[in-house]
Amino acid sequence: MNGRQQGERLLAFVPDALRPRLCAALTAALDAAPDPDSALTHLSRFVEAAGTPLAVLEYLADDPATLEALLTVLGGSHFAARTLALHPEYLELLTDRHRLATPKGLVKLQAEADTALSPFRTLPSKLDALRRFRRRETVRLIAADLLGLMDVPTVTAELSALAEAVINAVVALIAPDRCRVLVVAFGKLGAGELNYSSDIDLVLFHEGDSAVAERWARKVVTALSEVTDYGRLYRVDLRLRPYGATAPLTLALDAAFAYYEAHAEPSERLALLKARAIAGDPQIAQRFEQFRHAFVFGSPLEAEELAWLLRVKARSEAAFATDGAVKHGLGGIRDVEMTVQFLQLAFAHRFPDLAVRDTLTALERLQHHELLTAGEAHALRDSYLFLRRLEHMLQIAEDLPLQTLPSDERELNRLARCMGMAKGDALLCAFTRCTQTVRQIYEAVTAELAKALGVSESTMLALHIASGLETDTRSLSAYGFTQPQDARRRLARLVHGEATAGLPWRERVAVMRVLPSVLDALAQTPDPDTALMRLENLIAALGPRHAVLDSLSSNPLALRALALVACFSEPLCQLVQRYPEVLESWLAGVTPALPDVAQWRALVRAAVVADPTQLPRTLRRLKGRWAVHLGFLHLSRLANGDAIGRALAHLADALVDAAVNALTQPIALRLAVLALGGWGSGELHFGSDLDCVFAHTGDQLLADKTVRRLRALLGDLTDEGVAYRLDLRLRPTGQEGALTSDWAAWQEFAGHRFEAWMALAWTRLRWAAGDRCIGDAVTAAVTQRLYERPLSDAEWAELRHLLERIRTEHRPPAQVVDLKHSDGALWDIELQVAERQLRDGCIDPLLRTPSTLQALQRLAEREMPWQSALRVYRWLRELRLWLSWMHPDAPPRFVLGDRAEKLLAWLDSNPAPLTQTDLVPVDDAVDRFRQRWRQRSPLP
């Protein structure tokens, strides 16, 4: 039946004398009812339930104020109407408006709860009495609210006091044994801002027997949340406890403190802002409050914490911010609360009076400290009160946690009348204005706060990576990653390894502070994807991930250098993993100067003497460690190819010399090592074999055996890799002859068996290791043969024919760049220089040098055309050496368009890759490189 039919039925059995008076009273009272039809329906049920309908109607006709109050409650709250029908005696709550308007407070509510329980003896009966008490008091507050007798702060304080009184009563009824306990309220109850149908957020702590405390906790939670014929006391939410929903229901207080200090996320710090001990042991409560205050307000809000909180808020909005959402919607209650709480966390360390729990007090103090303007504070306060009352009116209808405006027109109109408005349309307009205002303030305040704290897009990206969250691939693409999904996974592994558990918050913050630097360093390379892939492996090998990342972040140049090396050189990355100690000087901001010849030998000698029993290992480790250092210097362009090539050659001199001395001293053999090729020229590249020949005095068999042992010592593959492979193919005795020649054999070679085709190669001869006297003597004999007995025209013709055949065999295809064998490349220049040395060395002693570079510099001083050749040679040597760090065992060639060309071109176009702000992009660099390659000058 509708309300009119219910009214007619109600009046049907009213005596004629009473009917006019009752009709007049009903007509007047229904004007104030939020839903008149619903009010009449519930009034009919209430009267019938009263047992003496006529007496009740006569009483209401004689007391229009009580009738109006009753119809307002019946039309505004189905829950209150059902409760009154079950308990008509609760009508007396509405008869005295002064009493109804007076808050009771916690002490009085606790006393009344004790009185309500006193007649009963068993625990179930006491709990039922408590449920009836809670229901009765809720109806009292609904009535006061609907009648406008209490404002929002008073209602929320009374609802909170009621919940606190009920919880204390339950704790008193279920007293713990052999442990001390504490009940802490979080959220709205903790702040004294509870609404009608809130879950109550509780966290339980204890001191003493954990098993006993756990059993106690289960009993308390059951008593509070169990549904009986009298309903339930409260829905209890324990998910805010340390370690979350999977943890025990109660935690030892010291263990909780340890959790908060080591593992708590910013959202847990935010939750503790409103936490308040409401029941249990006072001493434990005091300890908790001291810890809570220091933990929440003792330090300012950090950028990473704000980033996390903004992300949590955004995720909540994505899930719950539907149209008409009063709490979680855009501009809803949560926007007001978060605006206030973010500012509290950010500034309470400076203004201690901001360390309060409730929103309205905090708003006043934020305005006082000019952290909010007067307009912002007033707008937030008015909007908060409007939205909280709107939330109340939604929830009192059915005592359900409703938070969204209804779509049903009748229900929307009921809600509007509860809010003092005529129609639902007016309510919607007011709601829209309110939420738009709140949202504008929230966005302005959080944006300004984020700017002040230094929250950037890179901070948010780092947050997602450090927290193992889904990452927007567009953010990674902005750093140059062409495979952002792979990059996201690799960055996650870079931080977490293969672990599935999340990082504690403090470690996550450390990572978040490093990751922007890591991403920036990767973005400054020509291939961030490859750099990240190798950097991931490097970080894993260097030690605890977070300590390594933290060390790298303290030296941005070292981090950029490591990213560059990771981008360019897998071999160097493998060496770094094997010898991570080499990075210590780089991380400390110190790059050791390159040793000179004598210093190289002293360094190696000292290392060998320190551990003579581990010679193969020592030699390989020394080479590997110094290769890392030299590779870092070269790829970072902190040293040029001339210096690095010389350093590699001097390092080889020192290591081979140590090996020779170790093998020859015990047997009193005099053995010299003479360098040829790039080693002889002092222009070695990474991964080079060592072209060399040997000279000795003494027993031939012993000398050959020693050379074999030397080749094994340097060239055998061990766990530390290979030191050097020795190439002896140019020895005077030929590839099938003895491995070393004595002085007589060398004299015969220089005097009689010297062949023209050998001449160009022998210009690079120099002593490198072993017996210096023998080496210098052989070098002098060969040099005399080269420069004092020039080649005849026939020998030159024979030599040119041989060289042309070699050039034809090695000439690369059109789309291949061969830094050695392309026309006009390194080999051509080296041959031209050697030829001029042989032709002019007899008259210009400065050309009698094993160094191609020095000879070329001498030629450039003498003749202008050689200056261009010198520039090209240096450029090609630089490229060759860069390429050797990438592919040490491969020929110095690449196909146009492949990765090697792009990397070389990029490095060539960016002379200061560690410090340049405007790096030349890869595509532009390739264009420059190809133009320069095409325009390399012809040889003189």
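Annotations for the structure displayed:
- Here the Karplus curve 6.51 cos²θ - 1.76 cosθ + 1.60, taken at θ = phi - 60°, turns the phi angles of the range 81-97 into couplings of 4, 5, 5, 5, 5, 6, 10, x, 5, 5, 4, 5, 4, 9, 7, 10, 5 Hz, with x standing for Gly and Pro.
- Take the Cβ atoms of residue 294 and residue 210, set R0 to 22 Å, and the FRET efficiency comes out at 0.30.
- Of the peptides 528-535, 128-135, the ranking by mean beta-carbon count within 10 Å, highest at the top, reads 528-535, 128-135.
- Helix-only [θ]222 nm of the chain, DSSP H runs n ≥ 4, -39500 (n - 2.57) each, per residue, nearest 500: -20000 deg cm²/dmol
- Nonlocal amide H pairs with residue 769, under 5 Å, H built at 1.01 Å: 673
- Farthest positive-ward along the chain dipole, Cα basis, beta-carbon charges - from 882, 118, 88: 882
- Each of 577, 65, 669 was scored by the projection of its Cα onto the charge dipole of the chain, and the greatest displacement toward the positive side belongs to 669; charges sit on the C-beta of Lys, Arg, Asp and Glu.
- From phi via Karplus (6.51, -1.76, 1.60), per-residue ³J(HN,Hα) for the range 19-34 in Hz, x at Gly/Pro: 4, x, 5, 5, 4, 5, 5, 5, 4, 5, 6, 5, 4, 8, 6, x
- Backbone N within the range 750-788 under 12 Å of label point (7 Å from residue 803 Cα along the Cβ vector): 757-761
- The label point for residue 617 and the one for residue 227, both projected 7 Å from the Cα toward the Cβ, are 7.2 nm apart.
- Accessible solvent surface per residue of the chain, calculated while the other protein chains remain in place, 1.4 angstrom probe, Å²: 42 Å²
- Label-to-label distance, residue 111 versus residue 930, with points set 7 angstrom from Cα along the beta-carbon direction: 9.4 nm.
- When +1 charges are put on Lys and Arg Cβ atoms and -1 charges on Asp and Glu Cβ atoms, the dipole computed for the range 456-577 relative to its Cα centre reaches about 200 debye.
- Based on the convex hull around the alpha carbon atoms, the range 591-770 presents an average projected area of 10.7 nm².
- Long-range amide H partners of residue 697 with built H, under 5 Å: 670
- Options 515, 483, 741, ranked by Cα towards positive dipole end of the chain, top entry (Cβ charges): 741
- Helix 64-76 and the longest principal axis of the C-alpha atoms of the chain enclose an angle of approximately 30°.
- Each peptide in 91-100, 327-336, 691-700, 438-447 gets a packing score, the mean of other Cβ atoms within 10 Å over its residues, and the list from highest to lowest is 327-336, 691-700, 438-447, 91-100.
- Within the chain: Cβ-based charge dipole about Cα centre, in debye rounded to nearest 20 (Lys, Arg +1; Asp, Glu -1): 1320 debye
- Degrees separating the helix 793-810 axis from the principal Cα axis of the chain, which is the longest one: 20 degrees
- Portion, in percent, of the accessible area of the chain that falls on carbon or sulfur, probe 1.4 Å: 52 percent
- Once the Cα atoms are used to define both axes, helix 374-396 deviates from the longest principal axis of the chain by about 60 degrees.
- Each Lys or Arg adds one and each Asp or Glu subtracts one; over the other residues with Cβ under 15 Å from the Cβ of residue 533, this totals +1.
- P(r) tail fraction, the range 303-455 - alpha-carbon pairs more than 23 Å apart, %: 39 percent
- Antiparallel content of DSSP bridges confined to the chain, in %, to 5: 75 percent
- Spatially near lysine pairs across the chain, Cα under 15 Å, sequence gap of 8 or more or different chains: 4
- Counting Lys and Arg as +1 and Asp and Glu as -1 over every other residue whose Cβ lies under 13 Å from the Cβ of residue 118, the net charge comes to 0.
- Under a 5 Å amide H cut-off, with hydrogens placed 1.01 Å from N, residue 404 pairs with 326 among residues at least 5 apart or on other chains.
- Ordering of 430-437, 703-710 by packing [mean C-beta count within 10 Å, highest first]: 703-710, 430-437
- Pairwise FRET efficiency - residue 642 versus residue 861, Cβ, R0 = 25 Å, nearest 0.05: 0.90
- Remark: the range 592-599, residue by residue, has Karplus-estimated 3J(HN,Hα) of x, 5, 6, x, 8, 4, 5, 5 Hz, where x stands for each Gly or Pro and the curve is 6.51 cos²θ - 1.76 cosθ + 1.60 at θ = phi - 60°.
- Each residue, residue 602 and residue 122, gets one label point 7 Å from its Cα in the Cβ direction; the gap between the two is 9.7 nm.
The values are calculated or read from the model by the stated rules, or taken from the named source; none is laboratory data. What you see is a predicted model, and the numbers here were worked out from it, not measured in a lab. When we count neighbours, we look across all protein chains shown, and the Cβ atoms used for this are built from the backbone with ideal geometry, even at glycine. SASA here: full protein model, heavy atoms, side chains in, ligands and nucleic acids out. Shrake-Rupley method; radii C 1.70, N 1.55, O 1.52, S 1.80 Å.
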